[in-house]
1. Does at least one position in region 40-47 carry a residue that is open to solvent by 20 Å² or more (accessible area, probe 1.4 Å) and within 13 Å of the ligand (Cβ to nearest atom)?
2. Does any residue in region 14-28 that is within 20 Å of Ala382 (Cα to Cα) come within less than 6 Å, Cβ to Cβ, of a residue that is part of a helix (DSSP H, G or I) and near the ligand (Cβ under 6 Å from one of its atoms) six or more places away or on a different chain, and which pairs are these?
3. Which of the helices (runs of 4 or more DSSP H) contained wholly in region 182-273 include at least 2 residues that are in contact (Cβ under 8 Å) with a residue 40 or more places away in the chain and either away from the ligand (no atom under 16 Å from the Cβ) or within 26 Å of Ala307 (Cα to Cα) (or both)?
4. Under the condition of being within 16 Å of the ligand (Cβ to nearest atom) and charged (D, E, K, R), which residue from region 101-141 is most open to solvent (accessible area, probe 1.4 Å)?
5. Thr326 - would you say it is open to solvent by 50 Å² or more (accessible area, probe 1.4 Å) and part of a loop (DSSP other than H, G, I, E, B)?
6. Among the residues of region 152-166, how many are in a helix (DSSP H, G or I) and either open to solvent by 20 Å² or more (accessible area, probe 1.4 Å) or over 26 Å from Leu223 (Cβ atoms) (or both)?
7. Kindly evaluate Leu339 against the criterion of being open to solvent by less than 20 Å² (accessible area, probe 1.4 Å) and in a helix (DSSP H, G or I).
8. Restricting to region 14-29, name every residue that is touching a helix residue (DSSP H, G or I) at 6+ places or on another chain (Cβ under 8 Å) and within 8 Å of the ligand (Cβ to nearest atom).
Amino acid sequence: MKQDERSTLLYERAKKRIPGGVNSPVRACRSVGRNPLFIDRAQGSRMTDADGNEFIDFVGSWGPLILGHRHPAVIAAIEKALERGVSFGAPVDLEVELAEMVVEAVPSVEMVRMVNSGTEATMSAIRAARAFTKRDLLVKFDGCYHGHADTLLVAAGSGIATLNIAGSPGVPEDTIRQTVSLPYNDTEAFNRFMAEQGGRVAAVIVEPVAGNMGLVPPHPAFLEALREQASKNGSVLIFDEVMTGFRLSYGGAQALYNVTPDMSCFGKIVGGGMPVGAYGGKKEIMEQIAPEGPVYQAGTLSGNPLAMAAGIATLKELQKPGFYETLEECSARLSDGVLRLAEQLGMPLAVNRVGSMMSFFFTDQPVNNFEDAKTSNLERFAEYYNRMLKKGIYLPPSQFEALFVSAAHETADVDLFLAAAEDALSRFS
Ligand code: HOZ
């Protein structure tokens, strides 16, 4: 790796004008004890920083780039849309096309509203659920992150976990009094809570596969209990599929685990790398949204034509036969390889993977929830991260984030990852 002179200069400039020098906290790389690299350009599985260092990228813009960087079909679609205009603030055919594709892909979604981010999607879905049930109480799960809306910043994962923030100042106590966070994957605790309080619960929101405390798969019985209790108590079950939607299968985690939520939130892949979120679900819930109903939610750039075009082009690629099978093979090669390495080195490492999302935790116990994830040796993670970076492997700079494999990763990329990991991990023994 060459010097990161230009990145350092840019970071110094950025820190003067942007809080922490970044527009989203985790990418500042503080938890791994280094400065962020500024990216110059990317193509396929490769990313080049401002100093000309090349990396194999396993972040993929935190999930959207399931096709890799600058996929020709996505670039062509954006260019074609660009010829018509950048933004209209008025309806456009592309919005209808993407909405139809989402509804077709995810049978639990009968109607969908496009927004600009995952945060907007979850925030708006909760508003709709509260209006629908005429209740306020919200249940979430420790270590799940659903964006940065006030109501959801309770025991959250992602940057909140990475920076070890207990709760954010600026969030009124009164707002989060209506949010209860329970342990992820703890079916008994959830059933107990619902038996006592279920009649007050407006919505239960969950990452069906948690990706923001590192990757933590659900116990199928846990997801089934959420469905059962929500139905029994008249609460709305919301699956936050911002990360998992269109990634774990074309129908998302709900298709993989065969559990049907009342509402779903999307983001990332559905916008093909452009700023898009979406929320949808049962018609009777979605018909409450303005102007059809009284629940207010709006956005000047919602349904933006460039973003819609990128989303449509991405989803079309995902429909091609064998897409998910190939991605699974590549992802399994990576996680199996890391598992083998850890075994050979006699090193405690918990390897969690669902499809093309995975995390390696530096702990000797299985990781089934946030408390387990927090047993990971974070100093070790930081050393591993920096060693991998030096070898040209670009990873999420936090133990509490997931690694993403894309269709642009080739066997050779995975082999380079494994060679780098062998070196990085063997230095711990
Ligand atoms: N919180 C996001 C990932 N779960 C994005 C982090 C970032 O862009 O810094």
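The values are calculated or read from the model by the stated rules, or taken from the named source; none is laboratory data. What you are looking at is a predicted structure, and each value in this text was computed from that prediction instead of being measured. Here Cβ is always computed from backbone atoms with ideal geometry, including for glycine, and neighbour counts include all displayed protein chains. The area values use the complete protein model at the heavy-atom level, side chains included, leaving out ligands, DNA and RNA. Shrake-Rupley method; radii C 1.70, N 1.55, O 1.52, S 1.80 Å.
1. Looking for residues that are open to solvent by 20 Å² or more (accessible area, probe 1.4 Å) and within 13 Å of the ligand (Cβ to nearest atom), one finds none in region 40-47, hence no.
2. These pairs meet every condition: Pro25/Gly159; Val26/Gly159.
3. Result: 187-197, 252-257.
4. Glu120
5. no
6. Total satisfying the criteria: 2.
7. no
8. Val22, Ser24, Pro25, Val26, Ala28
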